[in-house]
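Asks: Have a look at this one.
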Amino acid sequence: MKKTAIIPLRKDSKGIPGKNKKKMLGRPLFAWILTEAVFSDLDEICVFTDDQEIINYIDNEYHWTPKVKALLRSDENATDTASSESAMLEFAENTQYDFDILCLLQATSPMTTVADINAVLNKIETEKYDSALTVVNTNRFTWNENGTPQNYNVFNRPRRQDFDGLLIENGAVYSTTKSAFLETKNRLSGKIGLIKMPETTLVEIDSMTDWKIKEELLASRLKKAKKHQRIDYLVLDVDGVFTNAQVYYSADGELAKAFNMRDGMGLEILRQNQLKVVVITSENSEIVAQRMKKLQIENTFLGVKDKYAFLQHFAKEKNTALAAMAYIGDDVNDLANICSVGWSFAPADAIEIVKQNADYVLTNKSSEGAIREACEWIIKYNSRY
C-alpha cells in the first residue's frame, strides 16, 4: 500500500506572523514534523504550500531523500477560511489520487514522533480501520455554559487516578484510506481508530506564550531521550566554533577566516583514537572547504541549513546513533543537535541560549582552543569504554 502524507502550509498567519517558517529550537516549525515523517513508514511526504520560499527550502535541504517533495498550493486553498479538507482534495486531484492511504500532518504539532505517525498508519494498514487520528487522554473536568458539569458528579468528585478522563483531538495526525476519502471527502470516516499521545501535545500554538511553552517542552523531550555511550563521532559547526565568527570581506567577497592550529592537532589526535570528525555548516565557503581538506576531514558538508534533519540522515547512513556523537555548536541553528546528541559542547563565547542547553560549556572561546578542549575531554571520557 502506498502511504502518502500531506503537510499543508500557508504563507500567512494571523496569530504569529510567518509561524510555519519561524525558528523553533533553530529550525523552521514545519521541519519538525517533516523530519519525523521522513523516518516513518510513509512512502511519500508532500509539503503543500503557497509559499515559494518554503518550496525552495525543501528543494535545497531535503535533496538527500526521495520521499519528500514540495508542491504549490492554489491561492484559493490558502486563505484564512480554507479548510484542511480543501487542501487535501486539491492535492489528491492534482496527484490523481495516487495513494492508498492519505495522511494529514500538522506543522503546528512539533511534538509528533515517528512512533505516533506509524501507530496511526498501523491502525489502517494492519488493524483495518477506515481512518485514524491522534488524541490526548486528559483528566480534566469540563462544564457547560449554564453551570452544569459535563463529565462528573459534583457530589461525588472522583480522584484523578480513578477518573477515565476525556479523549480530545490534538490535531497532530489524521489518516484515511483512499476509498473512504473518495466517498466522504473528509479526513475521518467509517471505522475510526484512535492513537493516544502525551498530554503535552495538546498545547496549541496560537500566541508567543504558546510558542515558548512548546519550545521548552520540545527541548526537554529531546534531552530526556539522550543516551550516553562511547563517542565515535565529533560533529562541529564552523563559524563560532573553528573561528571566532568574524569574516573578512573584500570587494570580491569573503576574504579570510582565522583558524586555530591547536584545534587542528586536537582533531588529529581524535582520529588517532579511532574517532571520526564531521563538519556541518550552513555556510557554503570555499575557504572552509580548503581548510577542512587541509585537516583531512572527509565528512564535510557545506550549505546545510537544517542541521538536525541532516544529522539524522547521516546517522542512519552510517548505521550509528546520536548517542554515539558529540557536537560543538554556538548559535541557534545548532540548538536541536545540542539537545539531541550524546554529549554537546558550547564554546565559552557561544550565545546564551546555547550555553543553557549544552551538556558542557567549555572554558575556552571559539578559535581560542575550544575544540582542543573538547577533544581532550572526549578522549578522557572514552577511556572508560
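Asks: Please tell me if residue 374 is surrounded by fewer than 22 Cβ atoms within 10 Å (Cβ to Cβ), among the hydrophobic types (A, V, I, L, M, F, W, C) and more than 17 Å from residue 25 (Cα to Cα). Let's see the steps before the verdict.
Replies: Details: surrounded by fewer than 22 Cβ atoms within 10 Å (Cβ to Cβ): no; among the hydrophobic types (A, V, I, L, M, F, W, C): yes; more than 17 Å from residue 25 (Cα to Cα): yes.
Considered against the rule, which asks whether it is surrounded by fewer than 22 Cβ atoms within 10 Å (Cβ to Cβ), among the hydrophobic types (A, V, I, L, M, F, W, C) and more than 17 Å from residue 25 (Cα to Cα), residue 374 comes out as no.
Listed here are the residues, each with its yes/no results for (1) of a type in the set (Phe, Trp, Tyr); (2) at pLDDT 90 or above; (3) not assigned by TED's automatic domain parsing to the domain that holds residue 90.
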| position | (1), (2), (3) |
| --- | --- |
| 145 | no, yes, no |
| 173 | no, yes, no |
| 179 | no, yes, no |
| 195 | no, yes, no |
| 206 | no, no, no |
| 214 | no, yes, no |
| 252 | no, no, yes |
| 256 | no, no, yes |
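Asks: Against the conditions (1) within 25 Å of residue 265 (Cα to Cα); (2) touching a residue at least 24 places away in the same chain (Cβ under 8 Å); (3) among the charged types (D, E, K, R), where does residue 298 fall short? Just the number, please.
Replies: Going through (1) within 25 Å of residue 265 (Cα to Cα); (2) touching a residue at least 24 places away in the same chain (Cβ under 8 Å); (3) among the charged types (D, E, K, R) one by one, residue 298 breaks only (2).
Asks: Also: Being within 21 Å of residue 190 (Cα to Cα) and β-branched (Val, Ile, Thr), is that true of even one residue in the stretch 53-74? I'd like the intermediate steps shown before the answer.
Replies: Applying the first criterion (within 21 Å of residue 190 (Cα to Cα)) to the stretch 53-74 yields none.
No: zero hits.
Asks: Please state which one of 276, 196 is more than 18 Å from the chain's Cα centre (by Cα), loosely packed, with under 15 Cβ neighbours inside 10 Å and of a type in the set (Lys, Arg).
Replies: Working: 276 fails: loosely packed, with under 15 Cβ neighbours inside 10 Å.
That would be 196, the only listed residue that is more than 18 Å from the chain's Cα centre (by Cα), loosely packed, with under 15 Cβ neighbours inside 10 Å and of a type in the set (Lys, Arg).
Asks: Mind checking which residues of the stretch 8-38 are among the acidic types (Asp, Glu) and either at positive phi or outside any loop (DSSP other than H, G, I, E, B) (or both)?
Replies: Quick first cut of the stretch 8-38, residues among the acidic types (Asp, Glu) only: 12, 36.
Of everything in the stretch 8-38, just one residue is among the acidic types (Asp, Glu) and either at positive phi or outside any loop (DSSP other than H, G, I, E, B) (or both), namely 36.
Asks: Restricting the first residue to the stretch 338-362 and requiring it to be under 20 Å from residue 376 (Cβ atoms) and at pLDDT 95 or above, which pairs with a second residue that is crowded, with 21+ Cβ neighbours inside 10 Å and of a type in the set (D, E, K, R) meet a Cβ separation below 8 Å and a spacing of at least six or different chains?
Replies: Close Cβ pairs satisfying both conditions: 346/330; 347/330; 349/330; 350/330; 362/373.
Asks: Can I ask one more? Could you list all residues from the stretch 132-186 that are under 28 Å from residue 113 (Cα atoms), basic (Lys, Arg) and out of contact with any strand residue (DSSP E or B) (no Cβ under 9 Å at 6 or more places or on another chain)?
Replies: The answer is 160, 185.
Asks: When only residues in the stretch 225-268 that are touching an Asp or Glu at 6+ places or on another chain (Cβ under 8 Å) and β-branched (Val, Ile, Thr) count, which is farthest from residue 372 (Cα to Cα)?
Replies: By that ranking, first place goes to 247.
Asks: If you don't mind, another one. Select from the stretch 289-310 the residues that are closer than 16 Å to residue 329 by Cα and either surrounded by fewer than 18 Cβ atoms within 10 Å (Cβ to Cβ) or more than 20 Å from the chain's Cα centre (by Cα) (or both) and list them in ascending order. So that I can check it myself, show each step before the final result.
Replies: Going through the stretch 289-310, the residues closer than 16 Å to residue 329 by Cα turn out to be 300-310.
Across the stretch 289-310, the qualifying residues are 300, 301, 302, 303, 305.
Asks: If you go through the stretch 39-63 one residue at a time, how many are in a strand (DSSP E or B), of a type outside the set (Asp, Glu) and over 19 Å from residue 27 (Cβ atoms)?
Replies: Looking only at the stretch 39-63, we keep the residues that are in a strand (DSSP E or B), and these are 44-49.
Going one step further and asking which of them are of a type outside the set (Asp, Glu), we end up with 45-49.
Restricting the remaining residues to those that are over 19 Å from residue 27 (Cβ atoms) gives 46, 48.
Looking only at that region, the number is 2.
Asks: Given the criteria surrounded by 15 or more Cβ atoms within 10 Å (Cβ to Cβ), closer than 30 Å to residue 99 by Cα and free of Cβ contacts under 8 Å to residues at least 60 places away in the same chain, does residue 131 qualify?
Replies: no
Asks: Within the stretch 187-240, how many residues are out of contact with any strand residue (DSSP E or B) (no Cβ under 6 Å at 6 or more places or on another chain) and among the aromatic types (Phe, Trp, Tyr)?
Replies: 1
Asks: Is it the case that the stretch 313-328 has a residue that's of a type in the set (S, T, N, Q) and modelled with pLDDT under 95?
Replies: Within the stretch 313-328, the first condition is being of a type in the set (S, T, N, Q), and the residues that meet it are 319-320.
Going one step further and asking which of them are modelled with pLDDT under 95, we end up with none.
The answer is no, given that none of the residues of the stretch 313-328 is of a type in the set (S, T, N, Q) and modelled with pLDDT under 95.
Asks: Under the condition of being of a type in the set (Ser, Thr, Tyr) and surrounded by 15 or more Cβ atoms within 10 Å (Cβ to Cβ), which residue from the stretch 153-190 is farthest from residue 129 (Cα to Cα)?
Replies: First, pick out the residues of the stretch 153-190 that are of a type in the set (Ser, Thr, Tyr): 174-177, 179, 184, 189.
Still in the running and surrounded by 15 or more Cβ atoms within 10 Å (Cβ to Cβ): 174-177, 184, 189.
Details: 174: 12, 175: 10, 176: 8, 177: 8, 184: 15, 189: 10 Å.
Out of the qualifying residues, it is 184.
Asks: Does the stretch 64-92 hold any residues that are farther than 20 Å from residue 12 by Cβ and in a loop (DSSP other than H, G, I, E, B), and which are they? Reasoning before the result, please.
Replies: Step one: of the stretch 64-92, the residues farther than 20 Å from residue 12 by Cβ are 64-69, 89, 92.
Those that are farther than 20 Å from residue 12 by Cβ and in a loop (DSSP other than H, G, I, E, B): 64, 65, 66, 67.
Asks: Has the stretch 87-99 got any residue that is under 29 Å from residue 216 (Cβ atoms), assigned by TED's automatic domain parsing to the domain that holds residue 54 and either modelled with pLDDT of 95 or more or not acidic (Asp, Glu) (or both)? Break it down into steps so the answer makes sense when it comes.
Replies: If we filter the stretch 87-99 for residues that are under 29 Å from residue 216 (Cβ atoms), which is where we start, we get none.
No - not one qualifying residue is present in the stretch 87-99.
The values are calculated or read from the model by the stated rules, or taken from the named source; none is laboratory data. Keep in mind that this is a model prediction, so the values were computed, not measured. Reconstructed Cβ throughout: ideal geometry from the backbone, glycine too, with neighbour counts over all protein chains shown.
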